[in-house]
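**Student:** Structure provided below as structure tokens; questions to follow.
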Amino acid sequence: MGDADKRTGGEVLERTKQETKRPELYRVLLLNDDYTTMDFVVEVLETIFNKQPAEAFRIMMMVHTQGKGLCGVYSHEIAETKVEAVIVIARDHGFPLKAAMEPE
């Protein structure tokens, strides 16, 4: 009897295939309001979402003209953190800017 037979009692062990599931992704959106300045929205996009100035300006214009703008796509925890960070920094600066997340 081989060493493997001694350990398993002669049984044949079946290998189970582990499948890793990709995490569900969420879109983070900035929502337009009538009070938050365009400059502040650009600042939020640059600081919280690490956007370059031209990209931040483009997204800000989408928020301004279309009512919302896509900031990025993230896992649930990161999306939640980004939404909360937007709300906190907006309140600290006296703006009602809101962010939302939705499944992709």
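The values are calculated or read from the model by the stated rules, or taken from the named source; none is laboratory data. Computed from a predicted model, the values in this text were never measured in an experiment. Note that we place each Cβ from the backbone using ideal geometry, even for glycine, and neighbour counts take in every protein chain shown.
**Student:** From the list T20, T81, T16, pick out the single residue that is of a type outside the set (F, W, Y) and at pLDDT 95 or above.
**Tutor:** When all the criteria are applied, what remains is T81.
**Student:** Sticking with this structure for a sec: Please enumerate the residues belonging to the stretch 45-69 that are aliphatic (A, V, I, L, M) and loosely packed, with under 14 Cβ neighbours inside 10 Å.
**Tutor:** Answer for the stretch 45-69, where residues must be aliphatic (A, V, I, L, M) and loosely packed, with under 14 Cβ neighbours inside 10 Å: just A54.
**Student:** Still on this structure, please answer the following. Going by the conditions given, is I78 under 12 Å from the mean Cα position of the chain (by Cα) and either free of Cβ contacts under 8 Å to residues at least 24 places away in the same chain or closer than 17 Å to T36 by Cα (or both)?
**Tutor:** So I78 fits the description; yes.
**Student:** Report, by residue number, each residue of the stretch 52-85 that is closer than 17 Å to M101 by Cβ and either assigned to a loop (DSSP other than H, G, I, E, B) or among the basic types (K, R) (or both).
**Tutor:** G67, K68, K82
**Student:** Related question: Are any residues in the stretch 27-55 of a type in the set (A, V, I, L, M), over 19 Å from V88 (Cβ atoms) and touching a helix residue (DSSP H, G or I) at 6+ places or on another chain (Cβ under 9 Å), and if so, which ones?
**Tutor:** Result: M38, single match.
**Student:** Quickly run through the stretch 86-104 and pick out the residues that are small (G, A, S) and assigned to a helix (DSSP H, G or I).
**Tutor:** A90
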